[in-house]
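Peer 1: Attaching a single structure in structure tokens format; questions to follow.
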Amino acid sequence: MSRKYKIRDQRQIYFVTFTVIDWIDVFIRDEYRHVFIESVKYCQKNKGLEVYAYCIMTSHIHLIIGSKGTMPLEGIIRDLKAFTSRSIRKILENDIQVHESRREWMLRRMYTAGKYNPNNIDFQFWQQFSHATELNSPVLTGQKLDYIHLNPVAAGFVDIPEAWIYSSARDYSGVSTGLIELTYL
């Protein structure tokens, strides 16, 4: 099974999910969410990433994305994930200002995952074997948009989608968070 995202048509939009290894709840801390958000903003500004929807959960992130530039979407995804992984690793290893009680346990899990994965040298942050789903119809696009926005409700974190701060559901309901610039569907 291929470990790379299969992007057949660069003009289409895609639903993707990035999951932390072992479903570790990394994104419960602002420092880690900030790294991901800043990486998305960088890719939007410099690589042509378009974001149509997102939801940052505690252990995974859902996105509807596309590419408006010359860089292929799979390259943008690769760079986004690699930068986020390296940056969060650096915080975990070096930043004593982040009061992370699970630091050693998380690093041990990520080093172990990297050690046993031939695609890594010594560290793994994101799970592999993810795939991109091409959203080639309005019905499928609507289903994935609803899935993304309802994810925090299904997890029991909030009662209504727009109550989850780290989601484009707020933007779609008219309460802009300004976290990530969106292209609306």
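Peer 1: What is the dipole size for the chain, taken about its Cα centre, with +1 at each Lys and Arg Cβ and -1 at each Asp and Glu Cβ, in debye to the nearest 20?
Peer 2: 660 debye
Peer 1: For region 120-132, just list the computed ³J(HN,Hα) in residue order, Karplus coefficients 6.51, -1.76 and 1.60, θ = phi - 60°, integers in Hz, with x standing in for Gly and Pro.
Peer 2: Running phi through 6.51 cos²θ - 1.76 cosθ + 1.60 with θ = phi - 60° gives 10, 8, 8, 8, 9, 9, 8, 5, 9, 6, 7, 9, 9 Hz.
Peer 1: In terms of modelled amide H atoms, which long-range or inter-chain residues lie less than 5 Å from the amide H of ALA132?
Peer 2: Amide H to amide H, under 5 Å and 5 or more residues apart or across chains, ALA132 pairs with LYS6.
Peer 1: Then there's this: List the pair-distance distribution P(r) of region 85-185, using every Cα-Cα distance, as the percent of pairs falling in each 10 Å bin from 0 up to the bin containing the longest distance, rounded to whole percents.
Peer 2: 13, 26, 30, 27, 4
Peer 1: Another question, then. Restricting to Cα atoms and excluding each atom paired with itself, what does the Kirkwood estimate give for region 30-153 in Å?
Peer 2: The Cα-based Kirkwood calculation yields 16.0 Å.
Peer 1: Let a ≥ b ≥ c be the square roots of the eigenvalues of the Cα gyration tensor of region 89-140; is it rounded (a/c under 1.5), or, if not, prolate (a/b larger than b/c) or oblate?
Peer 2: Verdict is oblate for region 89-140.
Peer 1: Towards the positive end of the charge dipole of region 69-149, with charges on Cβ (+1 Lys, Arg; -1 Asp, Glu), say which of SER87, LEU140, TYR116 has the farthest Cα.
Peer 2: So the residue furthest toward the plus end is TYR116.
Peer 1: Tabulate in residue order the Karplus-calculated ³J(HN,Hα) for region 167-177, using 6.51 cos²θ - 1.76 cosθ + 1.60 with θ = phi - 60°, rounded to whole Hz; enter x for Gly and Pro.
Peer 2: Going residue by residue, I get 8, 6, 4, 5, 5, 5, 8, x, 9, 5, 8 Hz, with x marking Gly and Pro.
Peer 1: Right, another one. Hey, what angle do you get for helix 73-94 against the long axis of the chain, alpha-carbon based, 0 to 90 degrees rounded to 10?
Peer 2: Taking the Cα atoms of the chain, the angle to 73-94 is about 40 degrees.
Peer 1: Distance cut-off 26 Å, Cα to Cα: go down the list LYS6/LYS45; LYS45/LYS90; LYS47/LYS115; LYS41/LYS90 and report the pairs above it.
Peer 2: Flagged as over cut-off: LYS47/LYS115.
Peer 1: Where the centroid of each part is defined by its Cα atoms, how far is region 71-134 from region 1-52 in Å?
Peer 2: Rounded to whole Å, the Cα centres lie 12 Å apart.
Peer 1: In whole Hz, with x marking every Gly and Pro, tabulate ³J(HN,Hα) for region 53-68 from phi via Karplus 6.51 cos²θ - 1.76 cosθ + 1.60, θ = phi - 60°.
Peer 2: So the Karplus estimates, Gly and Pro as x, are 6, 7, 8, 9, 8, 6, 10, 7, 9, 9, 9, 10, 9, x, 10, 10 Hz.
Peer 1: Under 5 Å between amide hydrogens, which residues at least 5 positions from ALA53 or on another chain qualify, with H placed 1.01 Å from N in the peptide plane?
Peer 2: Those qualifying (amide H under 5 Å, at least 5 residues apart or on another chain) are ILE64.
Every number in this text was worked out from the coordinates using simple rules, so none of it is lab data. The shown structure was predicted, so the numbers you read here are calculated from the model rather than taken from an experiment. Every residue, glycine among them, receives a Cβ derived from its backbone with ideal geometry; neighbour counts consider all protein chains shown.
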